[in-house]
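Undergrad: I have a structure here, written as structure tokens, and I will follow up with some questions on it.
The values are calculated or read from the model by the stated rules, or taken from the named source; none is laboratory data. No experiment lies behind these values; they were computed from the predicted model shown. Here the Cβ positions follow ideal geometry from the backbone for every residue, glycine too, while neighbour counts run over all protein chains shown. To get the accessible areas, we keep the full protein, side chains included, count just its heavy atoms, and leave off ligands, DNA and RNA. Shrake-Rupley method; radii C 1.70, N 1.55, O 1.52, S 1.80 Å.
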Amino acid sequence: MSSETLRKARDFEARYAPFIPAEQRPAFHVTPTIGWMNDPNGFSFYKGEYHLFYQYHPYSNEWGPMHWGHVKSKDLIRWERLPVALAPDTDYDQGGCFSGGAVELPDGRQMLVYTGVRSRLSPDGRKENLQTQCLAAGDGVNYEKWPGNPVLTEADLPAGGSAVDFRDPKVWKDDDGAYRMVVGNRTPDGSGAVLLFESEDGTSWRRAATLDASRNQYGRMWECPDFFPLDGKQVLLACPQDMSPIGLEFHAGDCTMCLIGSYDPKTHAFRREAVQAVDYGIDFYAPQTLRAPDGRQIMIGWMQNWNTTSWKPYNCRWFGQMSLPRELRIRDGRLIQTPVRELERYRADPVSYRNVLIINNEMHLHGLQGRMVDLTVSVRPAGSGSYSCFRVHVARDGEYDTTIRYKPADSIIKIDRTNSGSNADIVHSRYLQVRPRNGEIKLRLILDRFSLELFVNDGEQAASATIYTRQEANAISFDAVGSVLVDVEKYDLRV
Ligand code: FRU
């Protein structure tokens, strides 16, 4: 039975979303049907299709009472819109249906696990938002909230765990038949931790372990955790809030963090061995992964950051995009991310150049332009010459310009959208420490109308940024200080 709140949201979408022209959206990055979107939720494979839900406020381009929007896809590139899946319509989630995951139940239904938020008065009279974990089960379109909700409450927390920072369950089914989920929590020292819960039937849950904790080293509350084996290692993803910067690895504010380590499934002991950022760009947060039927671990993130949401096109009818789904691997102890290979099916009109010599000038190559583009550029010094700086310009016209700059002296890339139309004084550039290979650096750029995703050295690092400029700003060019040789491979993306 769908509630009045859900019906109202579905009617609103059906009535007003058709007014948003398709060409005013990205072609293959997920956007909300209408209104506001944040975190990916319930990223899963169900009955032969990929499902993706998202934090959703259909009624405005601002965050508001959270619903779950819904799309599905056969290939992770072309997405079909489905009606709103969840609305905040019960006493335990009247403050919002916050982030969570999805998994298939033994009876074939799809179960959504989410954080229900409700406000209460604290003992000293302050309004606080109590967070509990809740379930809803359905057929891939319509979902019923579980009569036994909430299934995890403050009674299930370790001593001193915060009941108002207890959110974002990510659920999966293990090979031993048990259901497990990780949930973010705030510890008595004020920082974050990731809790592990398990269940035989998917509906009654018990706490199994605390997998890791910030201890005030990596930010405060850890939001949106995920936990999975990858290439012989175990990966814990979390999004620390209020980070203090650490070199070029972590910037101030909300970050995405990847802990790579080992895991003993018997004792649930996770041992952290390496810590790195997930995405080094401006706009990326709250990623979630799934295990595809062919074994690939695929991650999708919100291509936005809470610190940059004040910049949006005036009066826009949708706001918030997902990143491209990315295949994950571990190589040399680091997280490797590459755009899902399905994207390559949509490549058209190849253009390629080898050994283009650029000496202290700007180079426009025939056939190089566009805002829906898959472009790979490899750069090395020309002969015995050297260079101090190389730049790729994209989404460019007389007024706008987004640049990727590389300086070999310190192996630092700068991604910079300062001249990409923003009138808000927020972050517009980030620096990444990269590792050239035999003096060469390889940059893959994916453009999709309103964004740029950069993959360095076959996915060793990723950096994402939104760009809200007119589509006529579509020139692509290169320049260098010194002399370089450049190889170029470019495709239009026709989705
Ligand atoms: C992360 C987050 C989650 C929460 C959701 C609310 O971006 O703050 O922790 O569930 O957004 O929309």
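Undergrad: Carbon and sulfur: what percent of the range 1-98's accessible surface (1.4 Å probe)?
TA: Carbon plus sulfur share of accessible area: 55 percent.
Undergrad: Round to a whole number: what % of the accessible area of the range 199-283 belongs to carbon and sulfur, probe 1.4 Å?
TA: C and S fraction of accessible area: 47 percent.
Undergrad: Continuing with this model, one more query. At 0.36 nm per residue, minus the direct Cα-Cα distance, what do W146 and E49 gain on full extension? Give it in nm, one decimal, please. Walk me through the intermediate numbers first.
TA: On the way: separation 97, 0.36 × 97 = 34.92 nm, distance 2.38 nm.
Length gained, W146 through E49: 32.5 nm.
Undergrad: Which aspartates and glutamates does K266 reach when only Cα atoms under 20 Å apart count, and residues fewer than 8 places away in its own chain are ignored?
TA: D174, D175, D176, E198, E200, D201, D212, D226, D231
Undergrad: Under 20 Å from the 7 Å Cα→Cβ point of K74, by amide nitrogen: which residues of the range 324-361?
TA: Residues 325, 340-348 qualify, since their backbone N sits under 20 Å from the label point.
Undergrad: At 1.4 Å probe size, with the rest of the protein present, what percent of the exposed accessible area of the range 370-495 is carbon and sulfur atoms? The partial results should precede the final answer.
TA: On the way: 1880 of 4310 Å².
It is 44 percent, rounded to a whole number.
Undergrad: Residues of the chain: accessible area per residue at 1.4 Å, in Å²?
TA: On the way: 19090 Å² over 495 residues.
Value returned for the chain: 39 Å² of accessible area per residue.
Undergrad: Taking K and R as +1 and D and E as -1, what net charge do the other residues with C-beta under 9 Å from the C-beta of S378 add up to?
TA: In short, -1.
Undergrad: Quick one: putting +1 on the C-beta of Lys and Arg, -1 on the C-beta of Asp and Glu, what dipole do you get for the range 347-493 around its Cα centre, in Debye to the nearest 20?
TA: For this selection, approximately 300 debye.
Undergrad: Further question: Return the FRET efficiency for the residue pair V481, D425: r is the Cβ-Cβ distance, R0 is 22 Å, and the value is rounded to the nearest 0.05.
TA: Working from the Cβ atoms, E equals 0.15.
Undergrad: Ignoring everything except DSSP H segments at least 4 long, calculate the 222 nm mean residue ellipticity for the chain; use -39,500 (n - 2.57) per segment, divide by total residues, nearest 500. Write down the numbers at each step before the final one.
TA: Details: 1 runs with 13 residues, N = 495.
Helices in the chain give a 222 nm mean residue ellipticity of -1000 deg cm²/dmol.
Undergrad: Right, here's the next one. Beyond a 28 Å Cα-Cα separation, which of these cross-linked pairs lie in this structure: K173/K233; K8/K72; K233/K407?
TA: K233/K407
Undergrad: Taking the dipole about the Cα centre of the range 4-342, with the C-beta of Lys and Arg at +1 and of Asp and Glu at -1, give me whichever of F250, F98, N142 is farthest to the positive side.
TA: Among F250, F98, N142, the one farthest towards the positive end of the dipole of the range 4-342 is F250.
Undergrad: Given axes a ≥ b ≥ c from the Cα gyration tensor, I'd like to know whether the range 1-75 is rounded (a/c under 1.5), prolate (a/b larger than b/c) or oblate.
TA: Verdict is oblate for the range 1-75.
Undergrad: Among the lysines, which have Cα under 19 Å from the Cα of K74 when same-chain residues fewer than 8 positions away are ignored?
TA: K47
Undergrad: Place a +1 charge on the Cβ of each Lys and Arg in the range 432-491 and a -1 charge on the Cβ of each Asp and Glu, then give the dipole magnitude about the Cα centre in debye, rounded to the nearest 20. Display every interim value, and only then the final one.
TA: On the way: 7 positive and 9 negative charges, 17 e Å.
Once rounded to the nearest 20, the dipole reads 80 debye.
Undergrad: Taking the Cα centre of the chain as origin, work out the dipole magnitude from +1 charges on Lys and Arg Cβ and -1 charges on Asp and Glu Cβ, in debye rounded to 20.
TA: Roughly 540 debye, rounded to the nearest 20.
Undergrad: Using 0.36 nm per residue of separation minus the Cα-Cα distance, give me the extension gain between S310 and D264 in nm, one decimal.
TA: Net length gain for the segment: 12.3 nm.
Undergrad: What whole number of Å gives the distance from the Cα centroid of the range 410-441 to the Cα centroid of the range 463-488?
TA: Taking the Cα centre of the range 410-441 as reference, the centre of the range 463-488 is 12 Å away.
Undergrad: Follow-up question, since we're still on this one. Please give me the summed charge of the neighbours of A473: other residues whose Cβ is under 14 Å from its Cβ, Lys and Arg +1, Asp and Glu -1.
TA: Here the charged neighbours net out to +1.
Undergrad: Also, quick follow-up: What do you get for the angle between helix 4-16 and the principal long axis of the chain? Use alpha-carbon atoms, 0 to 90 degrees, nearest ten.
TA: Long axis of 4-16 versus the principal axis of the chain: about 30 degrees.
Undergrad: Tell me, how many Å apart are the Cα centres for the range 142-171 and for the range 279-350?
TA: 27
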